[in-house]
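Only one structure is covered here, and it is reproduced in the block below.
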Amino acid sequence: MLSIIVAKAKNNIIGKDNKMIWHLPEDLKHFKELTTGHAIIMGRKTFESLGKVLPNRKHIVFTQNPDFKVNDNNVEIVHSLLQIQDLIEGEEEAFIIGGAMIYNFLMPYVKKMYVTEIKEEFEGDAFFPKISENTWKETSREKGIKDAEDFLETKEGAKQFSRFAFAQDKY
(Lines give C-alpha, C1' and ligand atoms only; values in the text may rest on other atoms or scores of the structure.)
Protein backbone atom coordinates (compact mmCIF):
# COMPACT_ATOMS: atom_id res chain seq x y z
CA MET A 1 0.00 0.00 0.00
CA LEU A 2 1.23 3.46 -0.87
CA SER A 3 0.73 6.14 1.80
CA ILE A 4 1.63 9.80 2.24
CA ILE A 5 3.07 11.27 5.42
CA VAL A 6 3.23 15.06 5.57
CA ALA A 7 3.38 18.03 7.93
CA LYS A 8 1.69 21.06 6.42
CA ALA A 9 0.52 24.49 7.43
CA LYS A 10 -3.13 25.49 7.49
CA ASN A 11 -2.60 27.05 4.03
CA ASN A 12 -0.96 23.83 2.68
CA ILE A 13 2.60 25.19 2.77
CA ILE A 14 5.12 22.39 3.36
CA GLY A 15 8.40 24.25 2.98
CA LYS A 16 10.48 27.15 1.82
CA ASP A 17 13.87 27.13 0.07
CA ASN A 18 13.93 23.30 0.21
CA LYS A 19 13.59 23.27 4.01
CA MET A 20 10.80 22.64 6.49
CA ILE A 21 9.74 25.86 8.14
CA TRP A 22 9.02 24.29 11.53
CA HIS A 23 10.66 21.87 13.91
CA LEU A 24 8.25 19.61 15.80
CA PRO A 25 10.11 16.99 17.86
CA GLU A 26 6.85 15.21 18.73
CA ASP A 27 5.93 14.96 15.05
CA LEU A 28 9.42 13.81 14.05
CA LYS A 29 9.05 11.00 16.60
CA HIS A 30 5.68 10.12 15.02
CA PHE A 31 7.33 10.12 11.55
CA LYS A 32 10.08 7.80 12.79
CA GLU A 33 7.60 5.40 14.42
CA LEU A 34 5.48 5.14 11.26
CA THR A 35 8.25 4.90 8.67
CA THR A 36 10.89 2.74 10.39
CA GLY A 37 11.12 -0.62 8.66
CA HIS A 38 9.34 0.65 5.54
CA ALA A 39 10.34 2.13 2.21
CA ILE A 40 10.27 5.93 2.01
CA ILE A 41 9.82 7.60 -1.37
CA MET A 42 11.01 11.12 -2.04
CA GLY A 43 12.31 13.50 -4.64
CA ARG A 44 15.99 14.26 -5.01
CA LYS A 45 15.75 17.66 -3.30
CA THR A 46 13.98 16.13 -0.29
CA PHE A 47 16.65 13.43 -0.10
CA GLU A 48 19.43 16.04 -0.22
CA SER A 49 17.68 18.11 2.47
CA LEU A 50 17.73 15.12 4.87
CA GLY A 51 21.51 15.41 5.10
CA LYS A 52 21.88 11.67 5.72
CA VAL A 53 20.31 8.30 5.04
CA LEU A 54 17.67 7.61 7.69
CA PRO A 55 18.31 4.33 9.53
CA ASN A 56 16.17 1.23 9.07
CA ARG A 57 14.39 2.46 5.95
CA LYS A 58 14.78 1.77 2.25
CA HIS A 59 15.10 5.12 0.48
CA ILE A 60 13.61 5.43 -3.00
CA VAL A 61 14.69 8.69 -4.59
CA PHE A 62 12.88 9.87 -7.71
CA THR A 63 14.86 12.16 -9.99
CA GLN A 64 14.88 13.21 -13.61
CA ASN A 65 18.65 13.63 -13.44
CA PRO A 66 20.20 10.48 -14.99
CA ASP A 67 23.60 11.36 -13.48
CA PHE A 68 22.38 11.51 -9.85
CA LYS A 69 24.06 8.75 -7.82
CA VAL A 70 24.19 7.79 -4.15
CA ASN A 71 26.68 5.25 -2.87
CA ASP A 72 24.56 3.56 -0.19
CA ASN A 73 22.87 0.14 -0.23
CA ASN A 74 19.75 1.60 1.43
CA VAL A 75 19.17 4.09 -1.41
CA GLU A 76 17.61 3.29 -4.79
CA ILE A 77 17.55 5.96 -7.49
CA VAL A 78 14.54 5.78 -9.82
CA HIS A 79 13.41 7.70 -12.89
CA SER A 80 9.91 6.30 -13.45
CA LEU A 81 6.71 5.26 -11.72
CA LEU A 82 7.27 1.70 -12.98
CA GLN A 83 10.58 1.53 -11.11
CA ILE A 84 8.86 2.73 -7.92
CA GLN A 85 6.16 0.08 -8.34
CA ASP A 86 8.77 -2.65 -8.78
CA LEU A 87 10.64 -1.57 -5.63
CA ILE A 88 7.56 -1.42 -3.37
CA GLU A 89 5.88 -4.57 -4.68
CA GLY A 90 5.17 -6.80 -1.71
CA GLU A 91 5.64 -3.98 0.83
CA GLU A 92 2.92 -3.80 3.47
CA GLU A 93 3.15 0.00 3.37
CA ALA A 94 5.51 2.45 1.66
CA PHE A 95 5.54 6.15 2.56
CA ILE A 96 5.83 9.16 0.27
CA ILE A 97 7.66 11.81 2.30
CA GLY A 98 7.90 14.67 -0.22
CA GLY A 99 8.47 17.07 -1.72
CA ALA A 100 5.67 18.94 -3.43
CA MET A 101 6.29 17.54 -6.93
CA ILE A 102 6.38 13.93 -5.65
CA TYR A 103 3.21 14.41 -3.59
CA ASN A 104 1.41 15.74 -6.68
CA PHE A 105 2.82 13.07 -8.98
CA LEU A 106 1.99 10.09 -6.75
CA MET A 107 -1.26 11.29 -5.08
CA PRO A 108 -3.47 9.35 -7.56
CA TYR A 109 -1.86 6.07 -6.41
CA VAL A 110 -2.10 6.68 -2.66
CA LYS A 111 -4.52 4.75 -0.45
CA LYS A 112 -3.83 6.44 2.91
CA MET A 113 -2.51 9.76 4.22
CA TYR A 114 -1.05 10.71 7.59
CA VAL A 115 -1.33 14.49 7.86
CA THR A 116 -0.04 16.77 10.57
CA GLU A 117 -1.53 20.24 10.18
CA ILE A 118 0.03 23.19 11.95
CA LYS A 119 -2.77 25.57 12.94
CA GLU A 120 -1.06 28.57 11.43
CA GLU A 121 -0.44 29.99 7.95
CA PHE A 122 3.10 30.38 6.63
CA GLU A 123 4.83 31.82 3.61
CA GLY A 124 6.65 29.30 1.51
CA ASP A 125 7.33 28.00 -1.97
CA ALA A 126 6.31 24.33 -1.66
CA PHE A 127 2.65 23.35 -1.37
CA PHE A 128 0.79 20.15 -0.49
CA PRO A 129 -2.15 19.42 -2.83
CA LYS A 130 -5.67 20.16 -1.60
CA ILE A 131 -7.27 17.12 0.01
CA SER A 132 -10.52 16.46 -1.85
CA GLU A 133 -13.44 15.54 0.38
CA ASN A 134 -14.92 13.67 -2.61
CA THR A 135 -11.94 11.30 -2.71
CA TRP A 136 -10.72 11.15 0.89
CA LYS A 137 -12.48 10.20 4.09
CA GLU A 138 -11.08 11.26 7.45
CA THR A 139 -10.51 8.14 9.55
CA SER A 140 -8.93 9.59 12.71
CA ARG A 141 -8.02 12.86 14.36
CA GLU A 142 -5.88 13.89 17.33
CA LYS A 143 -6.51 17.41 18.60
CA GLY A 144 -4.80 19.74 20.98
CA ILE A 145 -1.25 18.50 20.64
CA LYS A 146 1.33 21.07 21.64
CA ASP A 147 5.04 20.95 21.02
CA ALA A 148 7.00 23.71 22.73
CA GLU A 149 10.57 22.82 21.75
CA ASP A 150 12.15 24.77 18.91
CA PHE A 151 8.92 25.12 16.94
CA LEU A 152 10.18 27.95 14.82
CA GLU A 153 13.33 29.96 14.84
CA THR A 154 11.23 33.07 14.22
CA LYS A 155 8.41 32.42 16.70
CA GLU A 156 8.35 31.60 20.39
CA GLY A 157 6.29 29.24 22.50
CA ALA A 158 4.19 26.17 21.86
CA LYS A 159 2.23 25.90 18.63
CA GLN A 160 -0.96 24.01 18.09
CA PHE A 161 -1.15 21.21 15.59
CA SER A 162 -3.47 18.31 14.86
CA ARG A 163 -2.95 14.92 13.26
CA PHE A 164 -5.38 13.45 10.77
CA ALA A 165 -5.49 10.15 8.94
CA PHE A 166 -7.35 9.82 5.67
CA ALA A 167 -8.24 6.86 3.48
CA GLN A 168 -9.59 6.91 -0.03
CA ASP A 169 -13.36 6.85 0.14
CA LYS A 170 -13.38 3.81 -2.17
CA TYR A 171 -10.68 2.03 -0.14
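Surface composition of the stretch 1-47: carbon plus sulfur atoms contribute 51% of the solvent-accessible area (1.4 Å probe, protein chains only, all chains present). Accessible area ranking (1.4 Å probe, heavy atoms, ligands and nucleic acids excluded), largest first, for Tyr114, Tyr103: Tyr114, Tyr103. Surface analysis of the chain yields an accessible area of 57 Å² per residue, using protein heavy atoms and a 1.4 Å probe.
Can you give the translational diffusion coefficient of the chain in µm²/s, computed by Stokes-Einstein from the Kirkwood radius over Cα pairs at 37 °C and 0.692 mPa s? Estimated via Stokes-Einstein, D reaches 198 µm²/s. The distance from the alpha carbon centre of the stretch 41-89 to that of the stretch 9-35 is 19 Å, rounded to a whole number.
If both residues of a DSSP beta bridge must be in the chain, then about 45% of such bridges are antiparallel. Rounded to the nearest 500, the 222 nm mean residue ellipticity of the chain from helices alone is -5000 deg cm²/dmol, with -39,500 (n - 2.57) taken per DSSP H run of at least 4 residues.
Protein-only accessible surface at a 1.4 angstrom probe places the residues Asp27, Asp125, Asp72, Asp67 in the order Asp67, Asp125, Asp72, Asp27, largest first. Placing unit charges on each Cβ (+1 for Lys and Arg, -1 for Asp and Glu) gives the chain a dipole about its Cα centre, and among Asn134, Gln85, Met42 the Cα reaching farthest toward its positive end belongs to Asn134. Check which residues have an amide H placed less than 5 Å from Lys8's amide H, if you skip close sequence neighbours. The answer is Thr116, Glu117, Ile118. Counting only alpha carbon atoms, the long axis of helix 25-35 and the longest principal axis of the chain meet at about 30°.
The values are calculated or read from the model by the stated rules, or taken from the named source; none is laboratory data. Computed from a prediction, not measured in an experiment: that's the story for all the values here. All Cβ positions, glycine included, derive from the backbone under ideal geometry; neighbour counts span all protein chains shown. Keep in mind that these areas ignore ligands, DNA and RNA; they rest on the heavy atoms of the full protein, side chains included. Shrake-Rupley method; radii C 1.70, N 1.55, O 1.52, S 1.80 Å.
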